[in-house]
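Asks: A single structure is presented below for examination.
The values are calculated or read from the model by the stated rules, or taken from the named source; none is laboratory data. Note that this is a predicted model, so its numbers are computed, not measured. Don't worry about glycine lacking a Cβ; one is built from the backbone with ideal geometry, like all the others, and counts go over all protein chains shown. These area figures cover heavy atoms from the full protein model, side chains too; ligands, DNA and RNA do not enter into them. Shrake-Rupley method; radii C 1.70, N 1.55, O 1.52, S 1.80 Å.
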Amino acid sequence: MQPAPDPFAQADTHDLVIRAEPTSVRAALLRVTAVAPVADLSADLRATVELVLAEVLNNVAEHAYADNPGHVAVTVALQPGALWCEVVDEGGAMPGGALPDGRLPEMGASDVDLPEGGFGWHLIRLMTRDLQYRRQRGANRLNFIIPLQD
Amino acid sequence: MQLKTQTRPKVLTVQVMEDRIDAATAIQFKERMRDITKTGDQRVVLDLARVQFLDSSGLGAIVAVKKMLGPDRPLELSGLTATVEKVFRLTRMDSIFTIHPTVDVAVSHATGT
């Protein structure tokens, strides 16, 4: 009997596993944006995909694996009108078991109060749809889509 | 992290020679900027014309440099590429920096000529 076809085993899917640390994240971003399906998108959409994945993967490196370094798996798949993305790691769970709300940090009254961080989830939420986070069997699984209308 | 500086009487220009300021280089960028601006009191124009990619770590580093320089030594930006401009706009950080289209425009503004 033929096995069921793997819906993602096609040319319009790309996946890779990397060490969750900044230099590997950079290499992964350059790779993902240089091959199909992301390479075939417009420059503006490629930039969006790169920025979203950068924020997600750097969060995994910085927070989920804050104590113990580990690996993270990224899958991108082209769907009609959207890029489907999944990021899976085996680091620590999201605090409270939920994603940060992504509110823009307070600007503060003067320069000394300006925020130097806290922008990541704001950017992710602005540029993605259908964000879903699940903690399953010791793994964090994040799914989202990036709409492909410029 | 390669930065190219040019010192004028009233303005110090710093051109980022890399195509990215990201989580892998943000700390290095901040440290290099601290070294470069240790002396002098001119305005600082950071030219980002070669930077094709900036993530939130890179953005945080630029904000940190602005804070480090303090209110008497403004940090201005020039030459934002499309992706970099987008990050500033989406985080509303475009509202706290003076942003010039090119480094030449920035310099003529800064010297008042």
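Asks: Could you tell me how many of the residues in the range A:13-27 are open to solvent by 70 Å² or more (accessible area, probe 1.4 Å) and at pLDDT below 95?
Replies: Residues in the range A:13-27 being open to solvent by 70 Å² or more (accessible area, probe 1.4 Å) and at pLDDT below 95: 1 in total.
Let's see how each residue does on (1) more than 12 Å from the chain's Cα centre (by Cα); (2) more than 24 Å from A:GLU62 (Cβ to Cβ):
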| residue | (1), (2) |
| --- | --- |
| B:THR7 | yes, yes |
| B:LEU12 | no, yes |
| B:ARG20 | yes, no |
| B:ALA23 | yes, no |
| B:ILE27 | yes, no |
| B:ILE62 | no, no |
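Asks: Among residues belonging to the range B:69-78 that are at negative phi and facing chain A (nearest Cβ under 10 Å), point out the one that is least open to solvent (accessible area, probe 1.4 Å).
Replies: By that ranking, first place goes to B:LEU75.
Asks: Could you tell me which of the residues A:LEU51, A:LEU30, A:LEU57 is under 15 Å from B:THR83 (Cβ atoms), among the aliphatic types (A, V, I, L, M) and surrounded by 18 or more Cβ atoms within 10 Å (Cβ to Cβ)?
Replies: A:LEU51
Asks: Can you report the number of residues in the range B:91-113 which are outside any helix (DSSP H, G or I) and crowded, with 22+ Cβ neighbours inside 10 Å?
Replies: Adding up the residues that qualify gives 1.
Asks: I've got another one for you. Looking at (1) more than 12 Å from the chain's Cα centre (by Cα); (2) open to solvent by less than 20 Å² (accessible area, probe 1.4 Å); (3) over 23 Å from A:GLN136 (Cα atoms), which is the one condition that is false for A:GLU106?
Replies: That leaves (2) as the condition not met.
Asks: For B:PHE88, are the conditions met, namely being among the aromatic types (Phe, Trp, Tyr), open to solvent by 10 Å² or more (accessible area, probe 1.4 Å) and modelled with pLDDT of 95 or more?
Replies: No; evaluated as a whole, the condition is false for this residue.
Asks: Specify which of the listed residues (B:LEU69, B:LEU48, B:LEU77, B:LEU12) is touching a helix residue (DSSP H, G or I) at 6+ places or on another chain (Cβ under 7 Å) and either within 30 Å of A:THR33 (Cα to Cα) or not polar (S, T, N, Q) (or both).
Replies: Selected residue: B:LEU48, the only one of B:LEU69, B:LEU48, B:LEU77, B:LEU12 that is touching a helix residue (DSSP H, G or I) at 6+ places or on another chain (Cβ under 7 Å) and either within 30 Å of A:THR33 (Cα to Cα) or not polar (S, T, N, Q) (or both).
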